[in-house]
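Visitor: Mind having a look at this structure? Questions to follow.
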């Protein structure tokens, strides 16, 4: 199966879309695509998020669209049925990992400590999301575990900012950073799509 890093290509930002409606989701996605991004993650935190994911797939077909906030088998199935190209979880359990390994699309499991990392690796995952990164030790934690888990790479998410993203990306075991700062809630509320495009362009330069 294709790996998450293969889907990402040379993109080092995993941009997060949280949408209250399909139209909003599509507008955010178009703004991100205008910046040159090829892949986005739609977090399933609102009632309309699945519909937004499907709408983005239909109306912005050039984007690879994943589903985030996957915590159980039922949500996983809904995300796959909605057309998710990849899956991101905020955490792992043995039960969830059993469902993930057979879901048919690339997965970025979320971990927050060495026990999680080991469990995810036992299920065959070597590309993981550190979440919430800033509260789980941040860049110093990733630097420290690099020598123990030499085959594991990470996409830290949660508390990553324009100011500290370089610190993460400088690490050999970091393939990308997850970013919510490129899509501020006030920009979405004001329908300031250009601000999202500009923030994404700055983030990937």
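Taken together, the values in this text are just the output of simple stated rules run on the coordinates, not laboratory data. What you see is a predicted model; the values in this text were computed from it and never measured. Don't worry about glycine lacking a Cβ; one is built from the backbone with ideal geometry, like all the others, and counts go over all protein chains shown.
Visitor: Kirkwood hydrodynamic radius of segment 14-113 from all distinct Cα pairs, in Å?
Guide: Value: 13.3 Å, from the Cα pair sum.
Visitor: Taking Cα pairs under 8 Å and at least six residues apart, what relative contact order does the chain come out at, in percent?
Guide: 21 percent.
Visitor: Separate question: Taking the mean number of other Cβ atoms within 10 Å as a proxy for protection, how do you rank 133-143, 152-162, 38-48 from highest to lowest?
Guide: Per-residue mean Cβ counts within 10 Å order the peptides as 152-162, 38-48, 133-143.
Visitor: Taking the C-alpha atoms of the chain, how large are the radius of gyration and the largest Cα-Cα span, Dmax, in Å?
Guide: 15.9, 46
Visitor: Assign one of three labels to segment 141-203, namely rounded, prolate or oblate, based on the Cα gyration tensor with a ≥ b ≥ c the square roots of its eigenvalues; rounded applies when a/c is under 1.5, prolate when it is not and a/b is larger than b/c, and oblate otherwise.
Guide: prolate
Visitor: Between segment 171-205 and segment 50-70, how many Å separate their Cα centres?
Guide: 17
Visitor: For segment 106-185, what does the relative contact order come out to in percent, with C-alpha contacts under 8 Å and a separation of six or more?
Guide: 27
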